[in-house]
Every structure is written in structure tokens, then in C-alpha cells.
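First up is the structure itself, then whatever we jot down about it.
The values are calculated or read from the model by the stated rules, or taken from the named source; none is laboratory data. Predicted model, so just to flag it, every value in this text is computed and none were measured. Using ideal geometry, Cβ is built from the backbone for each residue, glycine included, and neighbour counts are taken over all protein chains shown.
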């Protein structure tokens, strides 16, 4: 993966971080314990970027993927060179929730096009895994950085994204307030429309 694409993916993380919503305080002790355990797990993963990065996708993919990190200046470091064409990045400590990701080459090109306000490559279907979850985002505006009264903020837990295919979007809900427990179209009507596929924890 080129350093330019890695820098673009860092910017994508910055966009996600800027668009994150703070969660309301929980008073339930069980919820507090779960949140504490999750925080401890995230901290442990941040101390081990390889483990964090590999948690984003099934081990059959992530165990053979390249592992990269990108610092705040955009400098990329390859921790491990992979053998299967996939690249994984660990959770960014700057974002409000766990968001390690693994992606194939086409998905990397798609992100580059999105952030560059350019048309995505035609007929280049890409796949991204975020099995640890993600951060809130607008379901209708690809460039929203914070929730407003009309930009349809949504939250999806662990999920897979299929990008670069118009055909796969057919038949899936694409409204501003989709049921995020089932596959739905994000950014419908834009060049960056893609399918969000929620998955169960541990899938």
C-alpha cells in the first residue's frame, strides 16, 4: 500500500473522529462494568497494534494481512508485510470508539476517491471489515462532520462494507433512518453509496 493511500485512510479516521457523538452516561452497574471491560480491551489492543488490527477481520484474513500504522503527521509504518493482498490498521486512539479496519486494494482506492471528491474506480468492488465496530456517521452526507437536524446520523456496530458495486445495493433500504440491524445502503444517491452489513459480535 502506498504512503499516499495510508495518509488518506488516516484522514478518513480523522473524519470519523470529528463526526463522533458522545454517549450519554449510563447508570446501570452491569453496563458500567461492560464499558470498563471494553475500555480495558481497547487499551490492551492499542498497546499491541498488531492484535488490534487483526481484530477487525476474521483471522483467516487478518492473520495473513499487512499491518500498518499511521501517525498524526501521516507517516506510515509497516509493522508486518502480508501475503494475501489485504491491509489492516489498528484502532485509532483519537476516535471515540474501537475502529480497527481491514480492507482490500479496491476498498483502499474507493476511500481515496471519496476523500478526494473524485469518482470511485468503475467496476472495482471492494470489501472492508470493521468487526470491532465503528463510529457514528451521517447516512446521507458523505462529508458530514457532526450531527444536525437533517443529516440522518446513524450508529452501526460490528459490520462489513461492500463498496464499488451499484448492483449489490438493489433491494436494500436506503432511507435516511435505516434499521441498522439489517443490511442497508449508506450515502444513497451519491457516487459513494455502499452497502453496510451488520454482523454479530464474534462473526
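Scan 128, 196, 161 and give me the residue that is out of contact with any helix residue (DSSP H, G or I) (no Cβ under 8 Å at 6 or more places or on another chain) and in a strand (DSSP E or B). That would be 196, the only listed residue that is out of contact with any helix residue (DSSP H, G or I) (no Cβ under 8 Å at 6 or more places or on another chain) and in a strand (DSSP E or B).
Exactly one residue out of 22, 66, 73, 3 is at negative phi, at pLDDT 90 or above and over 13 Å from the mean Cα position of the chain (by Cα): that is 66.
Here is a yes/no grid of residues against (1) touching a strand residue (DSSP E or B) at 6+ places or on another chain (Cβ under 8 Å); (2) surrounded by fewer than 24 Cβ atoms within 10 Å (Cβ to Cβ); (3) in a helix (DSSP H, G or I):
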site	(1), (2), (3)
61	yes, yes, yes
64	no, yes, no
79	yes, yes, no
84	no, yes, no
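Tallying residues that are surrounded by 13 or more Cβ atoms within 10 Å (Cβ to Cβ) and within 16 Å of residue 161 (Cβ to Cβ) within the stretch 174-202 yields 19. Checking the structure you have, find out if any residue of the stretch 130-149 is free of Cβ contacts under 8 Å to residues at least 40 places away in the same chain and farther than 24 Å from residue 88 by Cα. Checked the stretch 130-149: at least one residue is free of Cβ contacts under 8 Å to residues at least 40 places away in the same chain and farther than 24 Å from residue 88 by Cα. The test for being within 12 Å of residue 186 (Cβ to Cβ) and crowded, with 20+ Cβ neighbours inside 10 Å does not hold for residue 126. Is there a residue in the stretch 87-103 that is more than 13 Å from the chain's Cα centre (by Cα), in a loop (DSSP other than H, G, I, E, B) and modelled with pLDDT of 90 or more? No, there is no match, as no residue in the stretch 87-103 is more than 13 Å from the chain's Cα centre (by Cα), in a loop (DSSP other than H, G, I, E, B) and modelled with pLDDT of 90 or more.
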